[in-house]
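The values are calculated or read from the model by the stated rules, or taken from the named source; none is laboratory data. Since the structure is predicted, the reported quantities are computational estimates derived from the model, not experimental observations. Note: ideal-geometry Cβ built from the backbone for every residue, glycine included; neighbour counts use all protein chains shown. Ligands, DNA and RNA are stripped out before the accessible areas are found, and what is left, the full protein with its side chains, is counted by its heavy atoms. Shrake-Rupley method; radii C 1.70, N 1.55, O 1.52, S 1.80 Å.
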Amino acid sequence: MSFDPAPSFDIDVVLARGQREFPVRVAGGGGITALVGPSGQGKTSTLDAVAGLLRPLSGHIAVGGTVLFDAARGIDLPPERRAAGYVFQDLRLFPHLSVADNLLFGWRQAAPERRTLALDEVAGFLDIAPLLARRPHTLSGGEAQRVAIGRALLSGPRFLLMDEPLTALDPARREGVIALIARIRDAFALPVLLVSHQQDEVARLADAVVEI
C-alpha cells in the first residue's frame, strides 16, 4: 500500500463564522501539521475550508501544488474533487449501518481510480476486523475513532483532515490513537492536517505545529 509523496499545505485565507472574520495562515510540509490554540479561533473552520465545506472570504488554499481555492483567480473546487479524507470531531458514523457498511460508504464515494485500498486491508491495518458486523453504538470511543479513520482512508484521499481526534478519549486510548496516526503517516505517506487542544501530546506526533 503506497501513495505519492506527501504534498504540503499552503493556506492563506480570511474566514468568517457568524459576525467574526479571522485570517488563517498555514504552511506545512509532508507528514502531520497540527493546528493548536484556544477554542473559537478558527481551527475547525480551517479544516472545513480545506475540505470545501466553508468558502473563504479571500485568499488561497493549495495542497501539494494543486490549487483548491483561489479567490483572485475564481477557483473553488467542489468537495468531491478535493479528495479530502475528513475525520470529524463527532465522527458522524451512520448508526443504522454496520461497521463494514460505514467503512464501505467511504469506498463507494471515491472515484474508481482512487480506490487504492480494500476493506480487508484497512480493517487489518486498523485492527477493526472483529468489529465489522457491529453497529456504532456498541463501540468504545477508541474503536469508533478507528472506524471513522478507516472510512476516511477508504475514500481514496489525497490528504487527511482530523478534527480533535484525541478528545473524549481516556489516556490509554489516546495513546493508542496517537500511535495509529503516526502509523498512518509512515505507512501511507498521506499528509495530515490535525486540530487538537492536546498540545503536549500533539507536539510528540506532529512534524509541524501551527498556533491559531
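Annotations
- Just one residue in the set Thr33, Thr46 is in contact with an Asp or Glu (Cβ under 8 Å, 6 or more places away or on another chain) and under 15 Å from Asp12 (Cβ atoms); that residue is Thr33.
- Within region 95-137, the set of residues being outside any helix (DSSP H, G or I) and polar (S, T, N, Q) comprises Ser98, Thr116.
- Restricting Phe94, Phe9, Phe22 to those that are within 22 Å of Val147 (Cα to Cα) and either out of contact with any Gly (no Cβ under 8 Å at 6 or more places or on another chain) or open to solvent by less than 60 Å² (accessible area, probe 1.4 Å) (or both) reduces the list to Phe94.
- Pairs linking a residue in region 97-116 that is closer than 19 Å to Thr138 by Cα to a residue that is among the basic types (Lys, Arg) and open to solvent by 60 Å² or more (accessible area, probe 1.4 Å), with Cβ atoms under 7 Å and 6 or more positions apart or on different chains, are Ser98/Arg134; Ser98/Arg135; Val99/Arg134.
- Check on Ala152, within 13 Å of Phe88 (Cα to Cα) and open to solvent by less than 40 Å² (accessible area, probe 1.4 Å): yes
- Qualifying residue in region 51-68 (condition: surrounded by 14 or more Cβ atoms within 10 Å (Cβ to Cβ) and touching a His at 6+ places or on another chain (Cβ under 9 Å)): yes
- Of all residues making up region 97-111, the number that are open to solvent by 80 Å² or more (accessible area, probe 1.4 Å) and at pLDDT below 85: 1
- Checking every residue in region 192-206 against the condition of being farther than 20 Å from Leu91 by Cα, open to solvent by less than 40 Å² (accessible area, probe 1.4 Å) and within 17 Å of the chain's Cα centre (by Cα) gives at least one match.
- With respect to the conditions (1) more than 18 Å from the chain's Cα centre (by Cα); (2) in contact (Cβ under 8 Å) with a residue 12 or more places away in the chain, Asp70 falls short on a single one, namely (2).
- Checked against (1) farther than 11 Å from Val24 by Cβ; (2) buried (at least 19 other Cβ atoms within 10 Å of the Cβ); (3) in contact with a Lys or Arg (Cβ under 7 Å, 6 or more places away or on another chain), Val36 passes all but condition (3).
- Against the numbered list (1) within 19 Å of Ser98 (Cα to Cα); (2) open to solvent by 10 Å² or more (accessible area, probe 1.4 Å), Gly142 comes up short only at (2).
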